[in-house]
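**Student:** Got a structure here, written out as structure tokens. Questions coming.
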Amino acid sequence: MTDRRLLRSNGRVAHSTLQGRVTAERFTDGLPHRVIRPVAPLRDTPEGGRTRELLFGEAFCVLEDAGGMAFGYALRDGYVGYLEAAQLAPADAEATHVVSARMTLALDRPDFKRATAHLPLSLGAQVRVTGLEGRWARAEGAGYVPVAHLRPVAEPEEDVVAVAERLLGTPYLWGGNSAQGIDCSGLVQAACLACAIPCPGDSDQQEAGLGAPLAPEAPLQRGDLLFWRGHVGWLCDAQTLLHANAFHMAVAQEPVQDAINRIAAQGDGPVTARKRVKGQFHD
């Protein structure tokens, strides 16, 4: 059965690759766009709730624009849904840099004392740098961003846990993907994408497709993942879990066994999978 979260069709319109597989009034390749707001909620229906979020500069292929809502899919992971059309602009050029700090501010001028407007940009937001002015990068459509808070798109990070740890204390937000609010699978995806590791958006998809299974007797190491029904977390080390969770209502660290016991006691069952992400500190 096709995962509806990845099915590029809403009945009226479908992606060209689905011709002969689904029924739709028309088929299209879609048009690439980029998000122009700090955070854009992705909805399962035009009036529905947040299922995931896209960040400033992230790419979204629009298949249909109707009633102020754009239907399409995120290029980072293929997640399908609706964004407000006003939160998008045509993608004229590729991003050159990614925000590597937990959060930064794009200012309207390269002077933090004289700037009068700012745009908050989360870890993972993407910008196109068109020039440098001292310690500031001029980011197209955003303003001036501290160079120290950016890394080139072509230079991914190497430590998923170090990336995730930057988000410690971030409020828990169901479907969140930003430093303003994030959930368990958002935290995993943010760290993976920063390290150029392909990663789906939700924890069940991550359990099915991310990393390699560990044998029950295999010792846990930094960068491993633990999965429960509807939940996931990183291992900072064999004894410490790092996860966005509704118990702390934040991204938090806690002893692994304490988390296992607590999650079981609250009725959410045992660990369902232990996975090892390729290239993360393992022989």
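**Student:** Take Thr45 and Gln19, extend 7 Å from each Cα along the Cα→Cβ direction, and tell me the distance between the two endpoints in nm.
**Tutor:** If labels sit at Thr45 and Gln19, their model points lie 3.1 nm apart.
**Student:** Ok, one more. Rounded, prolate or oblate: pick one for the chain, where a ≥ b ≥ c are the square roots of the eigenvalues of its C-alpha gyration tensor, a/c under 1.5 means rounded, and failing that, prolate if a/b is larger than b/c, else oblate. Write out the running numbers ahead of the final one.
**Tutor:** Numbers: a/c = 1.88, a/b = 1.16, b/c = 1.62.
It is oblate, given that a/c is not under 1.5 and a/b is not larger than b/c.
**Student:** If a/c stays under 1.5 just call it rounded; otherwise compare a/b with b/c (prolate if a/b is bigger, oblate if not). Do that for the stretch 15-166, with a ≥ b ≥ c from the square roots of the Cα gyration tensor eigenvalues. List each step's numbers first, then the result.
**Tutor:** Numbers: a/c = 2.19, a/b = 1.88, b/c = 1.16.
In terms of gyration-tensor shape, prolate.
**Student:** Another question, then. Just to confirm my numbers, what's the Cα centroid distance between the stretch 22-68 and the stretch 221-283 in Å?
**Tutor:** Distance between centres, Cα-based: 31 Å.
**Student:** Give the peptides 242-252, 104-114 in descending order of average Cβ contacts within 10 Å, highest first. Provide the component values of the computation, followed by the final result.
**Tutor:** On the way: 242-252: 19.5, 104-114: 15.5.
Those peptides, ordered most packed to least, come out 242-252, 104-114.
**Student:** At a 10 angstrom cut-off on C-beta neighbours, averaged per residue, how do the peptides 229-237, 217-225 rank from highest to lowest? The partial results should precede the final answer.
**Tutor:** Values: 229-237: 20.7, 217-225: 16.6.
The densest-packed peptide leads the list: 229-237, 217-225.
**Student:** Classify the stretch 161-283 from the C-alpha gyration tensor, please: rounded if a/c falls under 1.5, else prolate or oblate depending on whether a/b exceeds b/c. Kindly include the intermediate steps, with their values, before the conclusion.
**Tutor:** On the way: a/c = 1.40, a/b = 1.06, b/c = 1.32.
Since a/c stays below 1.5, the shape of the stretch 161-283 is classed as rounded.
**Student:** At 222 nm, what helix-only mean residue ellipticity would the chain give, in deg cm²/dmol to the nearest 500, using -39500 (n - 2.57) for each DSSP H run of four or more?
**Tutor:** Values: 4 runs with 34 residues, N = 283.
Taking each H run of at least 4 residues, the total per residue is -3500 deg cm²/dmol.
**Student:** Taking the Cα centre of the chain as origin and charging only Cβ (+1 Lys, Arg; -1 Asp, Glu), how large is the dipole, in debye to the nearest 20? Walk me through the numbers on the way to the answer.
**Tutor:** On the way: 28 positive and 33 negative charges, 71 e Å.
Its charge dipole is roughly 340 debye.
**Student:** Run the numbers on the chain and let me know its relative contact order in percent, using alpha-carbon pairs under 8 Å that are six or more apart.
**Tutor:** 12
**Student:** Something else: Using Cα springs under 10 Å in a Gaussian network model of the chain, which residue among Glu157, Glu47, Glu254 shows the largest mean-square fluctuation?
**Tutor:** Evaluated over the chain, the most mobile residue of the options is Glu47.
**Student:** So, one more: By the 4.7 Å beta carbon criterion, which cysteine residues of the chain come out unpaired?
**Tutor:** Those would be Cys61, Cys184, Cys195, Cys236, since no other cysteine Cβ in the chain comes under 4.7 Å of theirs.
A short reminder: the numbers here are calculations on the coordinates, not readings from a lab. Note that this is a predicted model, so its numbers are computed, not measured. All Cβ positions, even for glycine, are placed from backbone atoms using ideal geometry, and neighbour counts span all protein chains on display.
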